[in-house]
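Read through the structure below, which is laid out as structure tokens, and then see the notes.
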Amino acid sequence: MTFLLTVYTLWQRELVRFYRVPSRWFGAVGTALLFWAVLGNGIAGDNYRAYFFPGTIVMSMMFSCIFATASIIEDRQAGFLQSVMVAPVSRAAIVMGKILGGATLATFQGLLIMVFAATVGWTFEFWAFLGLLASLFLISFVVTAMGFWLAWTVESSPGFHAIMNMVLLPMWMASGAVFAVSSSPWLRAFMAVNPFTYGVAGVRRGLFPTANLDQVPTLQTSLLVLLGFAVFFYILSSFVVEKTGDKKST
Amino acid sequence: MAPLLEVQNLSYQYGSRKALQGLTFSVEKGEIFGFLGPNGGGKSTTFKILSTLYPTQPGQIKVFGLDLAQNTIAIRRRMGIVFQLPALDKKLKVRENLVHQGHLYGLSGKELQSRIDRDLERVGLKDRQKDKVEKLSGGLQRRVELAKALLNNPELVILDEPSTGLDPAARKEFWGHLENLRESQGMTVLVTTHYLEEADRCNRLLILDQGQKVALGKPEDLKAEIGGEVLRLRAKEPALLAAQLMEKMNIKTQMVGELLQIEQPKAYQLVTPIMETFSDQILSLTLGLPTLEDVFIHKTGRRFAEDKE
């Protein structure tokens, strides 16, 4: 019960902090609009534009995740985290609340891009859309949990951003967002173990359920793999906080 | 009755630097217990260990008769903590901050709402509850922190330099609240400070320097230990004067910063003879009742303020 209350309260705080700050709204909506203005017009050919669309959603989500997890460092520096750490609650609940908050916001930011989905031939279908939502949420969770772990481990904000960008951008590029397959065997292997591959695949299948997508993992596989990654990074984050937590919060 | 807090032989190390060395003390229920010392003296480390942020290293701590290392969660439930760094979310309203805090302590619904009302009333912030924390002055923010720490009905409240950055009026106000809590609720309060006037308001005081206990007792007893008055001399050549005082009048002096200090019963009687003999060497002479600073000087041979910066 305290576990759920803790998760709920920290999750809610993330959301409130988002909608209280107008610049974050502006950033979220603006990113979506600009992405579309640049990519939608800059990319030649309707086919490729449609192909690129799931990647655009995931990218928008990814930026939001980076932002959400950077706030852990901010919480630490501002002192807020201390009082959370001395509360009689499990570290796992604290981690869950924070990750869920970030993942919720990131999912929302990814969904904002869906406003333009009709222009690439999307039509709403309930189950497919649910699949898309689930994939988007899970990949958000995975990326936020990864970011959480990193933010907790890395002390400085610039260091965190440098590593996040270094890790996430290549992951996004080699996820099937930009190109479908590669002839390089090591890149193929990387794509197979890259959670982004499954995130983009899930979103793609959710958007275009009837398209011929032989080379893309199935929705089922994608969701299962993403769930696995989510659990793994959640446990990793909780473990790190449990181990080093109390001291690191100051 | 067993003490509320018992600390035995507590040590703490940051790498090779010893922050605390074999600290032993106990705190009784219902007292305001202060930790006074210069920065780096070990106050904050003690606070962080007691607040359960730092793991205990060698030594044993019992809070409410429970071992801190074993019963961390149970102890956290019964303790209220105010940190030196503000622990409020400034983007949230006063009341929202308290709601989150309540949730973290397993409180919800009507019970939580009525406790929030009670504590806002206690610290006199009822009319500001809908303001964002960032809109409040430093003094008011500190009061929100106090309200936050009281929400779980703690038996023990610990505060780390709670009045840092407050102006004297706000500081006095804040202390009024602390004293009030002790009197009306019988709450035990632990507070670290480097302000002497705050230390004077504690029931008992532990003076820390370089990780070690320098003195422990009631402020008035500590000052009485010095006895009489303290005579301070500013001299052209302090070292020379000190030697001559010893030689000619058998007066023991202590060099404190640029001042020569004489502590002894009836020190006032020395004023005339000293001035008669050494008036050409002395730039100024002051006579005062001992302060906690004198206690610190007496025990460490150094001025308190020197270390502060």
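Within segment B:134-154, how many residues turn out to be within 19 Å of the chain's Cα centre (by Cα) and either outside any helix (DSSP H, G or I) or surrounded by fewer than 20 Cβ atoms within 10 Å (Cβ to Cβ) (or both)? So that I can check it myself, show each step before the final result.
Taking segment B:134-154 and keeping what is within 19 Å of the chain's Cα centre (by Cα), we get B:139, B:142-143, B:145-146, B:149.
Imposing the further condition that a residue be either outside any helix (DSSP H, G or I) or surrounded by fewer than 20 Cβ atoms within 10 Å (Cβ to Cβ) (or both) reduces the set to B:139.
Residues flagged as within 19 Å of the chain's Cα centre (by Cα) and either outside any helix (DSSP H, G or I) or surrounded by fewer than 20 Cβ atoms within 10 Å (Cβ to Cβ) (or both) within segment B:134-154 amount to 1.
I'd like to know if segment B:54-62 contains one or more residues that are in contact (Cβ under 8 Å) with a residue 12 or more places away in the chain, at the interface with another protein chain (Cβ under 9 Å from one of its Cβ atoms) and within 21 Å of the chain's Cα centre (by Cα). Break it down stepwise before answering.
The first filter runs over segment B:54-62 and keeps only residues in contact (Cβ under 8 Å) with a residue 12 or more places away in the chain, leaving B:54-62.
Going one step further and asking which of them are at the interface with another protein chain (Cβ under 9 Å from one of its Cβ atoms), we end up with B:54-55.
Within this subset, residues satisfying the condition of being within 21 Å of the chain's Cα centre (by Cα) are B:54.
Among the residues of segment B:54-62, at least one is in contact (Cβ under 8 Å) with a residue 12 or more places away in the chain, at the interface with another protein chain (Cβ under 9 Å from one of its Cβ atoms) and within 21 Å of the chain's Cα centre (by Cα), which makes the answer yes.
Which residue out of B:Ser163, B:Ser114 is of a type in the set (Ser, Thr, Tyr) and part of a helix (DSSP H, G or I)?
None of the other options fit; the residue is B:Ser114.
Kindly indicate whether any position in segment B:55-70 is closer than 13 Å to B:Leu10 by Cβ, in a loop (DSSP other than H, G, I, E, B), touching a strand residue (DSSP E or B) at 6+ places or on another chain (Cβ under 9 Å) and of a type in the set (A, V, I, L, M, F, W, C).
Taking every residue of segment B:55-70 in turn, at least one turns out to be closer than 13 Å to B:Leu10 by Cβ, in a loop (DSSP other than H, G, I, E, B), touching a strand residue (DSSP E or B) at 6+ places or on another chain (Cβ under 9 Å) and of a type in the set (A, V, I, L, M, F, W, C).
What's the number of the only condition in (1) more than 14 Å from chain A (Cβ to nearest Cβ); (2) crowded, with 21+ Cβ neighbours inside 10 Å; (3) part of a strand (DSSP E or B) that B:Gly41 fails to meet?
Condition not satisfied by B:Gly41: (3).
Within segment A:96-104, is there a residue that is of a type in the set (S, T, N, Q), modelled with pLDDT of 90 or more and surrounded by 24 or more Cβ atoms within 10 Å (Cβ to Cβ)? First the steps, then the outcome.
Within segment A:96-104, the subset of a type in the set (S, T, N, Q) is A:104.
With the extra rule that they be modelled with pLDDT of 90 or more, the set shrinks to A:104.
Among the residues that remain, those that are also surrounded by 24 or more Cβ atoms within 10 Å (Cβ to Cβ) are: none.
No, segment A:96-104 has no match at all.
Please name all residue pairs, on different chains or six or more residues apart, with Cβ atoms under 8 Å, provided the first residue is in segment A:61-89 and is facing chain B (nearest Cβ under 7 Å) and over 19 Å from A:Thr153 (Cβ atoms) and the second residue is at pLDDT below 90 and in a helix (DSSP H, G or I).
Final answer for the pair search is A:Val86/A:Asp246; A:Pro88/A:Thr2; A:Val89/A:Thr2.
Filter segment B:260-308 down to the residues that are acidic (Asp, Glu) and without any contact (Cβ under 8 Å) to a residue 12 or more places away in the chain and list them by number. Write out each step before concluding.
So in segment B:260-308, the residues acidic (Asp, Glu) come out as B:263, B:276, B:280, B:293-294, B:306-307.
The answer is B:Glu276, B:Asp280.
Pick from B:Ile73, B:Ile81: which is free of Cβ contacts under 8 Å to residues at least 24 places away in the same chain and either crowded, with 23+ Cβ neighbours inside 10 Å or closer than 20 Å to B:Pro154 by Cα (or both)? If you could, list the steps in order and put the result at the bottom.
Values: B:Ile81 fails: free of Cβ contacts under 8 Å to residues at least 24 places away in the same chain.
One residue alone meets the criteria, B:Ile73.
If you check A:Pro195 against the conditions, is it closer than 26 Å to A:Arg91 by Cα, in contact (Cβ under 8 Å) with a residue 40 or more places away in the chain, surrounded by 13 or more Cβ atoms within 10 Å (Cβ to Cβ) and not aliphatic (A, V, I, L, M)?
Values: closer than 26 Å to A:Arg91 by Cα: yes; in contact (Cβ under 8 Å) with a residue 40 or more places away in the chain: yes; surrounded by 13 or more Cβ atoms within 10 Å (Cβ to Cβ): yes; not aliphatic (A, V, I, L, M): yes.
Judged against the criteria, A:Pro195 is a match.
For B:Val123, only one of the following conditions fails: (1) over 22 Å from A:Thr2 (Cα atoms); (2) more than 12 Å from chain A (Cβ to nearest Cβ); (3) surrounded by fewer than 21 Cβ atoms within 10 Å (Cβ to Cβ). What is its number?
(3)
The values are calculated or read from the model by the stated rules, or taken from the named source; none is laboratory data. The structure presented is a predicted model; accordingly, all values stated were derived computationally and were not measured. Reconstructed Cβ throughout: ideal geometry from the backbone, glycine too, with neighbour counts over all protein chains shown.
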